[in-house]
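The values are calculated or read from the model by the stated rules, or taken from the named source; none is laboratory data. Just so we're clear, the structure is a prediction, and the values are computed from it rather than from any experiment. Here the Cβ is made from the backbone with ideal geometry for all residues, glycine too, and neighbour counts use every protein chain on show. Accessible surface areas use protein heavy atoms only, side chains included; no ligands, DNA or RNA. Shrake-Rupley method; radii C 1.70, N 1.55, O 1.52, S 1.80 Å.
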Protein chains: 2
Amino acid sequence: MSPRIGLDLNTILKAATEIADAHGIEEVTLASLAKKLNVRSPSLYNHIDGLPGLRKKLAVYGLELLYSQWKRAAAGRSGEDAVHEIAKAYIAFARTHPGLYEATLLAPDSWDHDVQRAGGKMVDLALGVLKDFELEGEPAIHAVRGLRSILHGFASLEQKGGFGLPLDLDVSVRLIIDTFLAGIHAIKQNEKKYAK
Amino acid sequence: MSPRIGLDLNTILKAATEIADAHGIEEVTLASLAKKLNVRSPSLYNHIDGLPGLRKKLAVYGLELLYSQWKRAAAGRSGEDAVHEIAKAYIAFARTHPGLYEATLLAPDSWDHDVQRAGGKMVDLALGVLKDFELEGEPAIHAVRGLRSILHGFASLEQKGGFGLPLDLDVSVRLIIDTFLAGIHAIKQNEKKYAK
DNA sequence: TCCCCAAAACTAATACCATTAGTTTTAATA
DNA sequence: TATTAAAACTAATGGTATTAGTTTTGGGGA
């Protein structure tokens, strides 16, 4: 059932990740990847469905890795502490794996089933963390969208060199999350006031 | 001093914008652009410095356009109203010009002088709006980073189909900005309390 | 009015790239 | 040890950007 052992998908994804993190996702070509793996480009088609297929698998691979680090960051924590930790983990991932992080957002058609599922796991984890703030249902979904926007926006802008001013970026992350959490609390309070 | 009139840069940028908005920035190639302009690709080199040069000019073009719409949105407004309006304008721009919006963030080297200047204008405008919240100096810069992260993150995730759940996106924007503003106020209040 | 010339467009050629088709190699299994 | 299916290969095609060198052209100076 296995008449020959050559490359395997994981080896390919790791090599692609190295290229992406070192030189950017656009430098991940079948040509550069084949060279790194000491193979001719057409050989890669035995394992992946062309460049688009590689990018999709890389997106899922990155999302799974990000999710695992997110889960570790949230483990044993709750409330504001948990939010700060997953935020730090998210930003750290984008810094450690700039190219792979790019890949997670570059899904050819983001509607792909595997990408959806991997992304859904992250949304579920975020929803779980926000339960500590008495957020459920639609308000929770809006809040998760807010948190994701903050994290992706910050990671993306930092990566593209969008923050030019010489001011500590980690401080910014902490303050932005603090502001987000303070806002959640304030709005909750406001709701309770009117509910009386 | 002008022995022949052919294409001009603005015509090229408009055509590139149309392709980008209709089919995505990656479909803006010298080949596709030349075809749209009824010209052979090498002719474009008389006006732009290759594909990287085109992308840079497109980034600046997009930033200027976004800035102009931002300025219009902020005109005559202040405080929370102004923040909500520039947020809506930002998201609207990303929706109207998805490809051009992509281009603004895809600066080859974001450290380019023209890109920096165009981006700086937007930061200055945001700083001006936040002055209404008694924010200046470093806290203001952190706050602008937060606002930019929210807006870019939301626009980017929406564009890539990252928000899968069937829940009104405009409501999300409004709530996220409300949360951001409530957070700014809450932290301000907190500072004042401790300052006593 | 006509000529000039520089800018703009062109053709031709090169070097990448992804992808497909068809062939050869190879190693686990039977 | 022979089989065989997977995996790697070579060859070929068509798309891309880019450079070099040539031709076209139209506004300004004679």
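Structure values in brief
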item	result
Whichever residue in segment B:109-119 is in contact (Cβ under 8 Å) with a residue 24 or more places away in the chain and at the interface with chain A (Cβ under 10 Å from one of its Cβ atoms) and, among such residues, is surrounded by the most Cβ atoms within 10 Å (Cβ to Cβ)	B:G119
Residues of segment B:1-25 classified as charged (D, E, K, R) and under 15 Å from B:N46 (Cβ atoms), total	2
Any pair with Cβ under 8 angstrom, 6 or more apart, that starts in segment A:33-52 at a residue that is within 14 Å of chain B (Cβ to nearest Cβ) and on the phi < 0 side of the Ramachandran plot and ends at one that is near DNA strand C (Cβ under 7 Å from one of its atoms) and open to solvent by less than 90 Å² (accessible area, probe 1.4 Å)	A:L51/A:T29; A:L51/A:L30
Residue within segment B:21-37 that is within 12 Å of DNA strand C (Cβ to nearest atom), touching a helix residue (DSSP H, G or I) at 6+ places or on another chain (Cβ under 6 Å) and either of a type in the set (F, W, Y) or open to solvent by 50 Å² or more (accessible area, probe 1.4 Å) (or both) present	yes
Set B:L106, B:L165, B:L169: member being within 11 Å of chain A (Cβ to nearest Cβ), surrounded by fewer than 20 Cβ atoms within 10 Å (Cβ to Cβ) and closer than 19 Å to B:A73 by Cβ	B:L169
Residue list for segment A:1-20, restricted to those being within 24 Å of A:A118 (Cα to Cα) and open to solvent by less than 50 Å² (accessible area, probe 1.4 Å)	A:I12, A:L13, A:A15, A:A16, A:T17, A:I19, A:A20
Pick from segment B:147-162, criterion farther than 20 Å from B:G79 by Cα and either at the interface with chain A (Cβ under 7 Å from one of its Cβ atoms) or more than 19 Å from the chain's Cα centre (by Cα) (or both), ranking: most open to solvent (accessible area, probe 1.4 Å)	B:K160
Residue that is nearest to B:G62 (Cα to Cα) [pool: residues in segment B:120-146 that are more than 11 Å from every other protein chain (Cβ to nearest Cβ) and crowded, with 20+ Cβ neighbours inside 10 Å]	B:A126
Output for segment B:145-196, where each listed residue is in contact with a Ser or Thr (Cβ under 8 Å, 6 or more places away or on another chain), among the β-branched types (V, I, T) and touching a residue at least 24 places away in the same chain (Cβ under 8 Å)	B:I150, B:I176, B:I184
Which listed residue is of a type in the set (K, R) and either open to solvent by less than 20 Å² (accessible area, probe 1.4 Å) or farther than 19 Å from A:L9 by Cα (or both), from A:K57, A:K71	A:K71
Qualifying residues in segment A:164-196 (those that are more than 22 Å from the chain's Cα centre (by Cα) and among the aliphatic types (A, V, I, L, M)) - the one nearest to B:N190 (Cα to Cα)	A:A182
Some residue of segment B:180-195 being assigned to a helix (DSSP H, G or I), away from chain A (no Cβ under 11 Å) and of a type in the set (K, R)	yes
Number of positions in segment A:38-52 that are in contact with a helix residue (DSSP H, G or I) (Cβ under 9 Å, 6 or more places away or on another chain) and either within 18 Å of A:E102 (Cβ to Cβ) or open to solvent by less than 90 Å² (accessible area, probe 1.4 Å) (or both)	8
So A:I177, is it at pLDDT 95 or above and facing chain B (nearest Cβ under 7 Å)	no
Hey, B:L165 aliphatic (A, V, I, L, M) and in a helix (DSSP H, G or I) or not	no
Options B:R95, B:R72, B:R77, B:R4: the member that is within 10 Å of DNA strand D (Cβ to nearest atom) and more than 14 Å from chain A (Cβ to nearest Cβ)	B:R4
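This table checks each residue for (1) out of contact with any Phe, Trp or Tyr (no Cβ under 9 Å at 6 or more places or on another chain); (2) over 30 Å from B:W111 (Cβ atoms).
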| position | (1), (2) |
| --- | --- |
| A:K88 | yes, no |
| A:H113 | yes, yes |
| A:K131 | yes, yes |
| A:E134 | yes, yes |
| A:P139 | yes, yes |
| A:H152 | no, no |
| A:D170 | yes, no |
| A:T179 | no, no |
